[in-house]
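Just so you know, all these numbers are worked out from the coordinates, no wet-lab data involved. Worth saying up front: this structure is predicted, and the values here are computed from it rather than measured. Please note: Cβ atoms are built from the backbone with ideal geometry, for glycine as well, and neighbour counts cover all protein chains shown.
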Amino acid sequence: MLVVSEMCLSEICIPAFVTDIESRAVVDAAKSAGARQVYLIQEPVAAMIGAEVDIAKAKGHMIVDIGGGTTDIAIVSMNGVVTSHTIKIAGNAINRSIIKYMQNHYKLLIGEQTAEKVKIGLCNLYDPSDDITFIVKGRSLLKGLPSQVLLSETELFKAVEDDTFSIMEAIRKVLEDSPPELVGDIYDNGLLLTGGGALLGGLSHLISRTLDIKCRVAKDAINCVAKGTGLAFGKMSSLLDGFESAPVYKYR
């Protein structure tokens, strides 16, 4: 996410866990594009700001931002990231799993857009049913001709099960790494889901049941990171205060 102001300031969202070399590469790319000053902000922080969560208080908040390429999980308190983790399993990986399942089980070749439609129209991660189905159209790998099959919620759950529980394990890891004094806050505040992947059917209920923690989907979850990135321009000074490893960096 890149925001450029009239003063040639740019603010770019990055995953929660990136190396210094990767951060520097992002900054160099922005400067090459004409930005005079570049700010980096971690996506979980931007998402929380966009979701209107008050992260300035000395209370722990947990967020899971499921985008297209990465899932970013972080615990934020007093304007900074306490602990975080990033995995490269998110919306695009789930689409690829659906494509692979259709090829292996039905010998049906589908594209990314069709997989996305199936994911949106059929996904139920909490209580999948064999009775609810979705027509999936593609090309038969056996005949090379157009074909279609009926896919059930249960089958789709099987297709994306590994990806879903990889996200669960990443959430569990961050919880295990959380400082004890913040665990109570997270138990009270619950977990916030943002990003397009937050809209997967039944995901919030599955997280609540599996991890025994309250979970809710942010309002306008898809645009939280974009909104937060813009709003962060007015919070630069506070985001930088008092943190050894601040989530926002200024390069001169």
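For the chain, a simple Cβ point-charge model (Lys and Arg +1, Asp and Glu -1, everything else neutral) yields a dipole of about 800 debye relative to the Cα centre. Angle, helix 20-32 long axis vs. longest principal axis of the chain, Cα atoms, 0 to 90°, nearest 10? Its long axis makes an angle of about 80 degrees. 3J(HN,Hα) couplings calculated from phi for the range 102-107 with the Karplus curve 6.51 cos²θ - 1.76 cosθ + 1.60 (θ = phi - 60°) are, in sequence order, 5, 5, 6, 9, 10, 6 Hz; Gly and Pro show x. Panel values: the range 91-156, Kirkwood radius from alpha carbon pairs, Stokes-Einstein at 25 °C and 0.890 mPa s, translational diffusion coefficient 208 µm²/s.
Out of every Cα pair in the chain, what percent are spaced more than 26 Å from each other? Here the long-distance tail beyond 26 Å is 44 percent of all Cα pairs in the chain.
Counting only DSSP H runs of at least 4 residues, each contributing -39500 (n - 2.57), and dividing by the residue count of the chain, the helix-based mean residue ellipticity at 222 nm comes to -13000 deg cm²/dmol.
Could you pull out every one of the lysines with an alpha carbon less than 21 Å from that of residue 137, ignoring same-chain neighbours closer than 8 positions? By straight Cα distance, residue 137 reaches 100, 107, 117, 119, 158. Give, as a single signed number, the net charge of other residues whose beta carbon lies under 10 Å from the beta carbon of residue 43, with Lys and Arg counted +1 and Asp and Glu -1. Result for the neighbourhood of residue 43: -2.
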